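S.K.: This structure is in structure tokens; I'll ask about it shortly.
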Amino acid sequence: MCYISDLAVVSPDMLLLSNHTKQCVQLLDCLKWEVMSEVQLQHRPYRICLTDRNTAAVQVGGKKIQMIKVKDNTLTKARELTVSKDVYGLKSSRNSLVVAYRSQPWLAVISLNGKVLHQLDKSGKSQHFKDPSFMCTAPGGSMFISDRGTHTITKVDAQLTILQTFTSPLLQDPCGITAVTEDLILVCSNRNNSIVLLQPSTNTMSKLLGNDDEIAHPYSLTYCPDQKKVYVPSNFTNTIKVYQMP
């Protein structure tokens, strides 16, 4: 079994895969469905995101974030960042990185050099998160965080101020999350075998994809705005499912 723990869109035809099983990051051509390049890592990779068109950041376990260059369909390792605590979630936002920790203060914004710029205000919010795992940035700049411990999605601004919290019986063990628009957020509901559509403006959720669409325990996903496609790895069948958005 090939376990893809996260993925990111590099271009309309290229995906970056965080291959947990093979302990590497791979560049996948989505037209040929061929791996164009891969780079081995010292630790198993988890979350992955692009900081710009030519650079990716990869959480490689513990306190390490590995930067990877993407150039001419080739991946190469660049510098490595070390943060103060174990990282669980990772996303880029406004030329910085947002990290989710396994303990308080839960969330922090750090520069690409590792300097802490903002942290979640702990006063009165120490119980808000239990297991923040995946994050996405909406086109307007807001961030959405899935929490497997509380079965919620939380919306925060660039300074990590909590704006809204969303929950639903449809949302069980929420994992991967991606933004289609500011008001269309897709979430992997792992335990419910479904992809849930969250509309923040109306505080509503609905099932977008499920068992009939060959969704089984989805863990990660990403959206390509150029082609309006959703990519969902199926770690049980070693495939990546592709769905067309309207």
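The values are calculated or read from the model by the stated rules, or taken from the named source; none is laboratory data. Since the structure is predicted, the reported quantities are computational estimates derived from the model, not experimental observations. With ideal geometry, Cβ positions are generated from the backbone for all residues, glycine too; neighbour counts draw on all protein chains shown. Heavy atoms of the whole protein, side chains included, go into the accessibility calculation; ligands, DNA and RNA do not. Shrake-Rupley method; radii C 1.70, N 1.55, O 1.52, S 1.80 Å.
S.K.: For Leu90, enumerate residues with amide H under 5 Å from its amide H, sequence gap 5+ or separate chain, H modeled in the peptide plane.
M.R.: Here Ala100, Met135 satisfy the definition.
S.K.: Output ³J(HN,Hα) for the stretch 209-221: one whole-Hz value per residue in order, computed from phi by the Karplus curve 6.51 cos²θ - 1.76 cosθ + 1.60 with θ = phi - 60°, and x for Gly and Pro.
M.R.: 9, x, 4, 5, 9, 6, 8, 9, 6, x, 10, 9, 6
S.K.: May I ask you to give the solvent-accessible area per residue for the stretch 1-96, in square angstrom, as obtained with a 1.4 angstrom probe?
M.R.: 46 Å²
S.K.: Against the globular-protein guess of 2.2 N^0.38 Å, express the Cα radius of gyration of the stretch 26-84 as a ratio, rounded to two decimals.
M.R.: 1.14
S.K.: Taking θ = phi - 60°, what integer Hz values does the Karplus form 6.51 cos²θ - 1.76 cosθ + 1.60 yield along the stretch 86-95, in sequence order, with x for Gly and Pro?
M.R.: Karplus values, whole Hz, x for Gly and Pro: 5, 8, 10, x, 8, 7, 8, 7, 6, 6.
S.K.: While we're here: How much length is gained if the chain between Lys229 and Val242 is pulled fully straight, taking 0.36 nm per residue apart and subtracting their Cα-Cα distance, in nm to one decimal?
M.R.: In short, 4.0 nm is gained.
S.K.: Once phi is turned into θ = phi - 60°, what whole-Hz ³J(HN,Hα) does the Karplus curve with 6.51, -1.76 and 1.60 give for every residue of the stretch 179-185, x standing for Gly and Pro?
M.R.: Values, residue by residue: 9, 8, 9, 5, 10, 9, 10 Hz.
S.K.: Over the chain, with a Gaussian network built from C-alpha contacts below 10 Å, which listed residue (Leu186, Leu31, Leu221) shows the highest mean-square fluctuation?
M.R.: Leu31
S.K.: Now for a separate question. Accessible area per residue of the stretch 109-246 at 1.4 Å probe, in Å²?
M.R.: For the stretch 109-246, the per-residue accessible area is 44 Å².
S.K.: Hey, could you grab the Kirkwood Rh for the chain? Inverse mean 1/r over distinct alpha carbon pairs, Å, one decimal.
M.R.: Mean inverse Cα-Cα distance, inverted, gives 17.8 Å.
S.K.: Considering the chain, which cysteines have no disulfide-compatible partner, defined as another cysteine with its Cβ under 4.7 Å away?
M.R.: Flagged as lacking a Cys partner: Cys2, Cys24, Cys30, Cys49, Cys136, Cys224.
S.K.: Right, another one. Which percent of the accessible area of the chain is formed by carbon and sulfur heavy atoms (probe 1.4 angstrom)?
M.R.: 46 percent
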